[in-house]
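Trainee: Can you read through this structure? Questions will come right after.
The values are calculated or read from the model by the stated rules, or taken from the named source; none is laboratory data. If you're wondering where the values come from, they're calculated on a predicted model, not measured in any experiment. Every residue, glycine among them, receives a Cβ derived from its backbone with ideal geometry; neighbour counts consider all protein chains shown. Note: areas computed on protein heavy atoms with side chains; ligands, DNA, RNA excluded. Shrake-Rupley method; radii C 1.70, N 1.55, O 1.52, S 1.80 Å.
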Amino acid sequence: MPGILPNMLDSTSTILELLESGDATAKEVTETALRAIGATEPTHKSYTHVSYDAALQAAAKVDEDRKAGRPLPPLAGLPVAIKDVLCTSDMPTTCSSNMLRNFTPPYDATVVAKLKQAGAIVIGKTNMDEFAMGASTETSAMGVTRNPWDTDRTPGGSSGGAAAAVASGTVPLSIGTDTGGSIRQPAAFCGITGLKPTYGRCSRYGLVAFASSLDQAGPMGWAVSDVAIGLQAMAGYDPADSTSVDHEVPDYRAAITDPDMKGVRIGVLRSAVDQEGVTPAIRTAFAEAEKVYRDLGAEIVEIDLEHSPYWVPTYYVIAPCEASSNLSRFDGAHYGYRHEAGASGEAALENTQPLEAMYRSSRAAGFGSEVKRRIMVGTYALSEGYYDAYYNQALKVRRLIRGDYDAAFEKVDLILGPVTPSPAFRLGENIDDPISMYLCDLFTVGANLAGVPAISLPGGTNDDGLPVGVQLQAPVMQECKLLAAGAAFQSATSHHQQRPEGFVAT
Ligand code: GLN
């Protein structure tokens, strides 16, 4: 469809308009997505699986229904990509781990089912850090994803593939998950918008659990308008997830039309950006965002989240503890990889019963080293004698962190801060240094520990043309406020319209 559809897919609402008006068929849109995948995958490697035939079939069905005048759901024909941690009954779900390399779940995650019901076409599954543990997508057992803005650099993680899939122009909308920053940090590194909803806003049923009290799925796209459309389809109560919240789903698209910032109180985390190690481009983006909001009529209030120095240590006790428990289900018997007798590692298991040996060698061979590190840290912190000193203590600090947010939200409507201490780093730069990798989460884990929604917005580029993000956080279930403020920012700036070199939009 030359002239109407670009070579790469960009805005969700534009694609939906083309589909609705009949200016493009679902087949043409899907073919564009698949062509863009063909053009960019050899370099970017955003996907672990692409569903060529099924996607084209689903598109043909949409076109047939439209032609016959049958009523169509709101996202009919929209191609989306799903992080490979969300269960899909018609495609493998690997969590980018050898443990689940050949695993296809018997059911769809609720958020996937909801997107399909809304008419979206799932084009494929996106690469990630193994079991969502990491900040660069380098711990994936399925290969390394490259940042479309600079292919020597990481797209971020753990939803690096989901971010790169959008920034490569293969889909206008992808779904990531965020346990400690895994939607927002890759969004910032790839110059797109990423939303971590309130804990409980979207069902976790079928989201392979990393840290159950922190995990949340959310939408990623170029602009706030894209993520609003995604959230609309994903949000809602699910009886299959006891932590999902039975709270009415508002009209997110309506919330972003004509956003008004007059009198909105925005708390700024100045002490965060002033910290050592925060690069100048991050400071500049933050200062500019503050000015944009001031000019839009918002009231800027200095705030401090007192226990923020404890966010990372608290997270890196709680998340591994929950992971060590959640990942015990991968034992060679229930799911995925089973290590066959006679293969490597047998010598160390000489005096072990066969079943025990099978568990041990399956886990030894199936998990990568970062996952093993988390399991060991978590098991240690939960063990007798250390439980109170580490896990229980971390839970107490988490309470204090939540209290800081409650107190802050008495004074302000939203909190503005950075997403990451620096723009995308080079592949290989941090992979052997877990502490520097964990410090990527400095500004993001607070929202997970408190359960509040947070959004990463494109905030410009540094001197090397690498994107940087700015972050807004809101009180629980205040996604409308968050999206409205994001939309107001994007109506006053053009950062979200910047594209990497080679992104052919015409
Ligand atoms: N980088 C963090 C970690 O490694 C966050 C991961 C996530 O949000 N899934 O745990």
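Trainee: Scan around residue 459 for amide H atoms under 5 Å from its own, H built in the peptide plane at 1.01 Å from N, and keep only partners 5 or more places away or cross-chain.
Mentor: So residue 459 has HN proximity to 468, 469, 470.
Trainee: Mean separation of Cα pairs under 8 Å and 6+ residues apart, divided by the residue count of the stretch 9-159: what relative contact order is that in percent?
Mentor: Relative contact order, the stretch 9-159: 23 percent.
Trainee: Here is a further query. For a quick size check, give me the Cα extents of the stretch 1-119 along its three principal axes, largest first, whole Å.
Mentor: Largest to smallest, the principal-axis extents are 45, 33, 22 Å.
Trainee: Could you pull out every residue, at least 5 positions away or on a different chain, whose amide H is within less than 5 Å of the one on residue 48? Hs are placed 1.01 Å off N in the peptide plane, and Pro or chain starts have none.
Mentor: 125, 126, 127
Trainee: Which number comes out as Rg/Rh for the stretch 467-506 once both Rg and the Kirkwood Rh are worked out on C-alpha atoms? Before the final figure, lay out each step's value.
Mentor: Numbers: Rg = 13.3 Å, Rh = 12.1 Å.
Result for the stretch 467-506 is an Rg/Rh of 1.10.
Trainee: Across the stretch 66-75, in residue order, what do the Karplus-derived ³J(HN,Hα) couplings come to in whole Hz, using 6.51 cos²θ - 1.76 cosθ + 1.60 with θ = phi - 60° and x for Gly and Pro?
Mentor: For the stretch 66-75, the Karplus-derived couplings read 5, 4, 7, x, 6, x, 10, x, x, 9 Hz, x marking Gly and Pro.
Trainee: Here's a follow-up. Give the long-range amide H neighbours of residue 268: residues separated by 5 or more places, or on another chain, with amide H under 5 Å away, using H modelled in the peptide plane at 1.01 Å from N.
Mentor: Correct list: 301, 302, 303, 416.
Trainee: Relative contact order of the chain: what whole-number percent is it, with Cα pairs under 8 angstrom and at least 6 residues apart?
Mentor: 18 percent
Trainee: If you scale each eigenvalue of the Cα gyration tensor by 5 and take the root, what three semi-axes come out for the chain, rounded to whole angstrom and sorted largest first?
Mentor: Semi-axis lengths for the chain are 33, 30, 21 Å.
Trainee: Sticking with this structure for a sec: Which ³J(HN,Hα) values in Hz, rounded to whole numbers, follow from the phi angles of the stretch 476-482 under the Karplus curve 6.51 cos²θ - 1.76 cosθ + 1.60, where θ = phi - 60° and Gly and Pro get x?
Mentor: Residue by residue, the stretch 476-482 yields 3, 6, 9, 4, 4, 4, 5 Hz.
Trainee: Averaged per residue, what accessible surface does the stretch 222-286 expose to a 1.4 Å probe, in Å²?
Mentor: Values: 3060 Å² over 65 residues.
For the stretch 222-286, the per-residue accessible area is 47 Å².
Trainee: Compute the semi-axes of the equivalent ellipsoid of the stretch 52-162, taking the square root of 5 times each eigenvalue of the Cα gyration tensor, and list them largest first in whole Å.
Mentor: Details: eigenvalues 174, 50, 23 Å².
Over the Cα atoms of the stretch 52-162, the ellipsoid semi-axes are 29, 16, 11 Å.
Trainee: Please work out whether the stretch 268-380 counts as rounded, prolate or oblate from its C-alpha gyration tensor, where a ≥ b ≥ c are the square roots of the eigenvalues and a/c under 1.5 means rounded, while otherwise a/b larger than b/c means prolate and anything else oblate?
Mentor: Here the stretch 268-380 falls in the prolate category.
Trainee: Quick one: accessible area per residue over the stretch 449-506, 1.4 Å probe, rounded to a whole number of Å²?
Mentor: 33 Å²
Trainee: Roughly how many Å is it from the Cα centre of the stretch 48-122 to that of the stretch 225-281, as a whole number?
Mentor: One Cα centre to the other: 25 Å.
Trainee: Can you tell me the Rg and the Dmax, both Å, for the Cα atoms in the stretch 115-264?
Mentor: 15.2, 49
Trainee: Leaving ligands, DNA and RNA out of it, rank 396, 67 by accessible area with a 1.4 Å probe, largest first.
Mentor: Numbers: 396 120, 67 185 Å².
Descending order: 67, 396.
Trainee: In terms of the Cα gyration tensor, with a ≥ b ≥ c the square roots of its eigenvalues, is the stretch 201-313 rounded because a/c is under 1.5, prolate because a/b exceeds b/c, or oblate?
Mentor: Verdict is oblate for the stretch 201-313.
Trainee: What does the C-alpha gyration tensor say about the overall shape of the stretch 404-506? Classify as rounded when a/c is under 1.5, otherwise prolate if a/b is larger than b/c, or oblate.
Mentor: Here the stretch 404-506 falls in the oblate category.
Trainee: Please give the peptides 206-214, 255-263 ranked by average Cβ packing (other Cβ atoms within 10 Å per residue), highest first, as a rough proxy for protection.
Mentor: 206-214, 255-263
Trainee: Would you calculate, for the chain, the mean residue ellipticity at 222 nm contributed by helices, counting each DSSP H stretch of 4 or more residues as -39,500 (n - 2.57) and dividing by all residues, to the nearest 500?
Mentor: -11500 deg cm²/dmol
Trainee: Still on this structure, I have one more. What span do the alpha-carbon atoms of the stretch 361-423 cover on each of the three principal axes, reported in whole Å from largest to smallest?
Mentor: 53, 36, 17
Trainee: Which whole-number value in Å² is the accessible area per residue of the stretch 51-148, probe 1.4 Å?
Mentor: Counting only protein heavy atoms, the per-residue value for the stretch 51-148 is 34 Å².
Trainee: Of the accessible area of the chain, with the probe set at 1.4 angstrom, what percent is carbon plus sulfur?
Mentor: Whole-percent figure for carbon plus sulfur exposure: 51.
Trainee: While we're on this one: When Lys and Arg each count +1 and Asp and Glu each count -1, what net charge do the other residues less than 15 Å away from residue 65, Cβ to Cβ, add up to?
Mentor: +3
Trainee: Filter the chymotrypsin sites (Phe, Trp or Tyr not before Pro) in the stretch 61-132 down to the DSSP loop ones having no more than 14 other Cβ atoms within 10 Å, then list what survives. Can you show the working numbers first?
Mentor: Numbers: sites: 103, 107, 131; in loops: 103, 107.
Sites meeting the loop and neighbour criteria: 107.
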